[in-house]
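Read through the structure below, which is laid out as structure tokens, and then see the notes.
The values are calculated or read from the model by the stated rules, or taken from the named source; none is laboratory data. It should be emphasised that the depicted structure is a prediction, and the values quoted were computed from it without experimental measurement. Glycine also receives a Cβ, built like all others from the backbone with ideal geometry; neighbour counts cover every protein chain displayed.
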């Protein structure tokens, strides 16, 4: 089996030509009913999912972006597809770096993890949203999910598959973060990916943290990143990079990669692309504005040339605070959250607490206009 030894240098990737991260939502089927689920997942698979052959054609296109393209198979629960191992093997044979985000269910057995490792999976990303079984299982809506996830994490270590832990940040989970950090270390994870809630799917019913609290959490995460044995990255909170730059007073010292070489500062449409279970091409799974379908269009052409993707790669088109912020080219704000709140993916990210000197407009939530 052909397996790329290393990926491309992340600092050399031209994100106008290729995404660093390509996510394919292989299914929306899942046995869990997580409070934050972007996909509104249900137990049954959608009848119009991309077929095995269509999926292989998609992976062929992903290869056309360039050597060592990183592909994340997500869901729903990817294990709901019986052809998952076949797809992993095929992508690996094409020279893609195949990674996986399965759900913590009874289907994620040590034998399954071993099989996926043998098929070529380069990383297993598991979600932990509480530092205890009770906290995690309550958030995930399934008793036993915590124990199954931890079992799978240990199986990944036994199989030699690098482990990533994903955590959702919202009002319900914020106090759990220190305990989750300790668990990430105990499980020998290589990366902690901390996702700040975007109100899409079932996540619309959850309460986000305030901008001020998000700022404190991001500052704390920079401290964690300096001390931990694992890497730290944020999802839908690119102002983590701005916080790190301000903290260290030297942009060259800011964190610039995670354990798989992924650059920070990547946002929806700029270094990131998403293909839905039915083939729609989105800038992100949290920004469901379509630029076409892989059944009708070239994924490579749509990423490089569509008006939607091109606008997201031009921070000078952003409006509000993000449009005048001196950090817009290294941060860019969450385009997904801007879209969820305003319907405009170029609007300002309402979670960011920073107020640029040149900005004269509405203040972030909780801030007085004369601050």
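Details
- Filter result for residue 70 (over 19 Å from residue 297 (Cα atoms), touching a residue at least 24 places away in the same chain (Cβ under 8 Å), surrounded by 18 or more Cβ atoms within 10 Å (Cβ to Cβ) and in contact with a helix residue (DSSP H, G or I) (Cβ under 7 Å, 6 or more places away or on another chain)): no
- Residue within segment 194-212 that is surrounded by fewer than 21 Cβ atoms within 10 Å (Cβ to Cβ), touching a strand residue (DSSP E or B) at 6+ places or on another chain (Cβ under 7 Å) and over 22 Å from residue 28 (Cα atoms) present: yes
- Per-region count, segment 130-147, residues in contact (Cβ under 8 Å) with a residue 60 or more places away in the chain and either within 19 Å of residue 100 (Cα to Cα) or in a helix (DSSP H, G or I) (or both): 3
- Residue 349 being over 25 Å from residue 22 (Cα atoms), in contact with a helix residue (DSSP H, G or I) (Cβ under 7 Å, 6 or more places away or on another chain) and touching a residue at least 24 places away in the same chain (Cβ under 8 Å): no
- Scanning segment 123-146 for residues that are in contact with a helix residue (DSSP H, G or I) (Cβ under 8 Å, 6 or more places away or on another chain), more than 29 Å from residue 215 (Cα to Cα) and surrounded by fewer than 19 Cβ atoms within 10 Å (Cβ to Cβ) turns up at least one hit.
- Scanning segment 262-316 for residues that are closer than 20 Å to residue 199 by Cα, surrounded by fewer than 17 Cβ atoms within 10 Å (Cβ to Cβ) and out of contact with any strand residue (DSSP E or B) (no Cβ under 7 Å at 6 or more places or on another chain) yields a total of 0.
- Looking at 150, 190, just one residue is in contact (Cβ under 8 Å) with a residue 60 or more places away in the chain, surrounded by fewer than 23 Cβ atoms within 10 Å (Cβ to Cβ) and within 21 Å of residue 72 (Cα to Cα), and that residue is 190.
- Pick from segment 39-59, criterion part of a loop (DSSP other than H, G, I, E, B) and either in contact with a strand residue (DSSP E or B) (Cβ under 8 Å, 6 or more places away or on another chain) or buried (at least 22 other Cβ atoms within 10 Å of the Cβ) (or both), ranking: modelled with the lowest pLDDT: 39
- Test for residue 92: is it in contact with a strand residue (DSSP E or B) (Cβ under 6 Å, 6 or more places away or on another chain), surrounded by fewer than 24 Cβ atoms within 10 Å (Cβ to Cβ), at pLDDT 95 or above and part of a helix (DSSP H, G or I): yes
- Helices (runs of 4 or more DSSP H) (entirely within segment 271-364) containing at least 3 residues that are within 26 Å of residue 243 (Cβ to Cβ): 320-324, 335-342
- Residue match in segment 109-124 (condition: in a strand (DSSP E or B), closer than 19 Å to residue 75 by Cβ and within 21 Å of the chain's Cα centre (by Cα)): yes
- Residues of segment 148-161 that turn out to be in contact with a strand residue (DSSP E or B) (Cβ under 7 Å, 6 or more places away or on another chain) and part of a helix (DSSP H, G or I), as a count: 5
- Hits in segment 60-81 (condition: within 19 Å of residue 152 (Cα to Cα) and assigned to a loop (DSSP other than H, G, I, E, B)): 75, 76, 77, 81
- Qualifying positions in segment 311-343 - under 19 Å from residue 18 (Cβ atoms), touching a residue at least 60 places away in the same chain (Cβ under 8 Å) and touching a helix residue (DSSP H, G or I) at 6+ places or on another chain (Cβ under 9 Å): 332, 335
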